[in-house]
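Below: the structure, in structure tokens.
What follows is calculated from the coordinates using simple rules that are stated; it is not laboratory data. Quick caveat: nothing in here was measured; it's all calculated off a predicted structure. Glycine gets a Cβ as well: all are built from the backbone with ideal geometry, and neighbour counts include every protein chain shown.
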């Protein structure tokens, strides 16, 4: 069965797809979202009080933050870091012992923050790929191994003893796993004002909730000037423009991408129980990269969230526990670099999301950029 024709079809209802739809709606363009869910990796507990996927927002998430209600702030003094058998607060004597390294680290982070701010502003009108390649400093960071950056700037000790744990909690990776760009990007997030949040789905979808079809697209083919998308149960859809806003493994299959950046898998457990004494000093327990569990987060309702790379041995951390909910993301997100992918895939076909840079704000901006490309082409007709 062939459905009616649309000007634009957005495949995927995560944050990038919703951002694209919001922009098209505001500019009074015709579109349809096709997705098996709305929100993607923004999911919450049944009572809407606990975020399971995307967990934190930042003070520099200017676009994303228009559609949230701020929750509990994440104060640095509420973080407890673990390094082997040692545990300490983020403000510790290592900053004194490695004062020179700390100065060099913050100098590097300041430079990155300055260039990254320009980058975020640019990427609403040019692609991430073009913006990174046009910035010598950021392009070098995108290609350079993080371990090499740390060694070249002589900041090994401060990174290993203090910075590695919060970076691991955010990226599930160490400096040995990725490039310098995502390492500094995570450091920037850590040093911003972070909050838990409640996402306002009604606000971002206001005016176009009827333009959402619950389906899963299995293939995309171009026929003359149109695209034909096949969904479940032989349903087909036609559109002049197609925006792929799916997780990278699905985008790879739909677009026949040859190479993509490394993806990270993640286990999440929502736990009701009692932590063992050594893990309950602060609201957030952050572990070093050789530990399976990345973070244990104490929730306001007394429950806990546990995130791990592999299945977690929960009895190691809890005296007693009950699993309220658990989920496995494969992939959970992409570790950026060294491969740069373009939003414009040719012939009115676009790809948006976290394929180049992991993070809610950057994913949101890719949606804005794709919508701007479509609007610009229509205005030229």
- Message: Connecting C-alpha atoms closer than 10 Å in a GNM of the chain, tell me which of 313, 281, 51 has the biggest fluctuation.
- Response: 313
- Message: Run the Debye formula on the Cα coordinates of segment 1-103, all scatterers equal and no solvent, and tell me log10 I(q)/I(0) at q = 0.14, 0.15, 0.18 1/Å.
- Response: -0.79, -0.85, -1.01
- Message: If each residue of separation counts as 0.36 nm, what is the full-extension length gain between residue 221 and residue 265 once their alpha-carbon separation is subtracted?
- Response: 12.9 nm
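Over 37 Å apart: what share of the alpha carbon pairs of the chain falls there, rounded to a whole percent?
22 percent
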- Roughly how compact is segment 135-246, stated as its Cα Rg over 2.2 N^0.38 Å to two decimals? 1.64
- Relative intensity, log₁₀ I(q)/I(0), of segment 311-360 from a Debye sum that treats every alpha carbon as a point, q = 0.22 Å⁻¹: -0.89
- Message: Connecting C-alpha atoms closer than 10 Å in a GNM of the chain, tell me which of 320, 224, 144 has the biggest fluctuation.
- Response: 224
- Note on the structure: The rounded separation in angstrom of the Cα centers of segment 233-309 and segment 185-218 is 15 Å
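Can you tell me the convex hull volume per residue for segment 138-197, based on C-alpha atoms, in Å³ to the nearest whole number? List each step's numbers first, then the result.
Details: hull volume 5.3 nm³, N = 60.
Output value, Cα hull per residue: 88 Å³.
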- segment 40-67-segment 310-381 distance, computed between alpha-carbon centres (Å): 13 Å
- How much length is gained on full extension from residue 130 to residue 28, taking 0.36 nm per residue of separation minus their Cα-Cα distance? 34.0 nm
- Query: Give or take rounding to whole Å, what are the principal axis extents of the alpha carbon atoms in segment 215-318, in descending order?
  - Reply: 66, 30, 20
- Task: Could you work out which residue, out of 359, 84, 71, moves most in a Gaussian network model of the chain, that is, has the largest mean-square fluctuation with Cα springs under 10 Å?
- Result: 84
- Query: Which whole-number percent is the relative contact order of the chain (Cα, under 8 Å, 6+ apart)?
  - Reply: 27 percent
- Query: Volume per residue, Å³, of the convex hull around the alpha-carbon atoms of segment 64-194?
  - Reply: 120 Å³
- Message: I want to check the label-to-label distance for residue 77 and residue 5. Put each point 7 Å from Cα in the C-beta direction and report it in nm to one decimal.
- Response: 6.4 nm
- Note on the structure: per DSSP, antiparallel bridges as share of beta bridges in the chain, % nearest 5, sits at 70 percent
- In nm, the gap between the two label points placed 7 Å beyond Cα toward Cβ at residue 300 and residue 281 is 2.6 nm
